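Okay, structure first, notes after.
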Amino acid sequence: QVQFVESGGGLVQPGGSLRLSCAASGIIFSIYTMGWYRQVPGKQREWVARITRDGSTKYVDSVKGRFTISRDNAKNTVYLQMNSLKPEDTAVYYCNAGLLPFASWGQGTQVTVSS
């Protein structure tokens, strides 16, 4: 079945950087647009970035110029490089298909931006 395993989160000071990884299985990874999402307790999950199978990218306005999504089809893995982190980036980050997410979500990885 479809499975996503996110990693790379942690506690970082404002202005710092983190690189998230997400390993996917159970799908033909290379044909899917993949995406990153985030969720803060009490709020709806928010789309953050997506990357098509040929590498075209799109971002939510709040992370443009700071976050970079990439993928390695040989490893069935999607990445999110996050620079210049802000406290408002604090959330649990998830990956999934980037256009029509699967019903199955991973456990996510916690990103906390705080001094």
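The values are calculated or read from the model by the stated rules, or taken from the named source; none is laboratory data. On a predicted model such as this, the values are computed, not experimentally measured, just so you know. As a convention, Cβ positions derive from the backbone with ideal geometry for all residues, glycine included, and neighbour counts pool all protein chains shown. These area figures cover heavy atoms from the full protein model, side chains too; ligands, DNA and RNA do not enter into them. Shrake-Rupley method; radii C 1.70, N 1.55, O 1.52, S 1.80 Å.
Just give me the residues in segment 1-13 being in a strand (DSSP E or B) and either open to solvent by less than 30 Å² (accessible area, probe 1.4 Å) or under 29 Å from Ser115 (Cβ atoms) (or both), in sequence order. Before you say what the answer is, go through the steps one by one.
Kept after step one, since they are in a strand (DSSP E or B), are these residues of segment 1-13: 3-7, 10-12.
Selection gives Phe4, Glu6, Ser7, Gly10, Leu11, Val12.
Quick check on my filter: what residues within segment 14-38 are under 16 Å from Pro87 (Cα atoms) and in a loop (DSSP other than H, G, I, E, B)?
Answer for segment 14-38, where residues must be under 16 Å from Pro87 (Cα atoms) and in a loop (DSSP other than H, G, I, E, B): Pro14, Gly15, Gly16, Ser17.
Look at segment 1-51 and say how many of its residues are aliphatic (A, V, I, L, M) and more than 13 Å from Asn76 (Cβ to Cβ). Lay out the reasoning, then the answer.
Step one: filter segment 1-51 for residues aliphatic (A, V, I, L, M), giving 2, 5, 11-12, 18, 20, 23-24, 27-28, 31, 34, 40, 48-49, 51.
Applying the additional criterion that residues be more than 13 Å from Asn76 (Cβ to Cβ) yields 11-12, 18, 20, 40, 48-49, 51.
Residues meeting the conditions: 8.
If we only count strands (runs of 3 or more DSSP E) wholly inside segment 39-99, which ones have 3 or more residues that are not hydroxyl-bearing (Ser, Thr, Tyr)? Give the derivation first.
On the way: elements: 46-51, 57-59, 67-72, 77-82, 91-97.
In segment 39-99, 46-51, 67-72, 77-82, 91-97 are the strands (runs of 3 or more DSSP E) which contain 3 or more residues that are not hydroxyl-bearing (Ser, Thr, Tyr).
Can you tell me which residue within segment 24-46, out of those that are more than 19 Å from Val113 (Cβ to Cβ) and under 11 Å from the mean Cα position of the chain (by Cα), is surrounded by the most Cβ atoms within 10 Å (Cβ to Cβ)?
Going residue by residue through segment 24-46, those that are more than 19 Å from Val113 (Cβ to Cβ) are 24-35, 44.
Those left that are additionally under 11 Å from the mean Cα position of the chain (by Cα): 34-35.
On the way: Met34: 28, Gly35: 23.
Checked segment 24-46; the qualifying residue surrounded by the most Cβ atoms within 10 Å (Cβ to Cβ) is Met34.
Between Asp89, Asp54, which is of a type in the set (Asp, Glu) and surrounded by 14 or more Cβ atoms within 10 Å (Cβ to Cβ)? Talk me through it step by step, then tell me what you get.
Working: Asp54 fails: surrounded by 14 or more Cβ atoms within 10 Å (Cβ to Cβ).
Being of a type in the set (Asp, Glu) and surrounded by 14 or more Cβ atoms within 10 Å (Cβ to Cβ) holds for just one of Asp89, Asp54, which is Asp89.
Condition first: within 17 Å of Leu99 (Cβ to Cβ) and at pLDDT 95 or above. Now tell me which residues in segment 3-28 satisfy that.
Residues of segment 3-28 within 17 Å of Leu99 (Cβ to Cβ): 4, 22, 24, 27-28.
Within segment 3-28, Phe4, Cys22, Ala24 meet the criteria.
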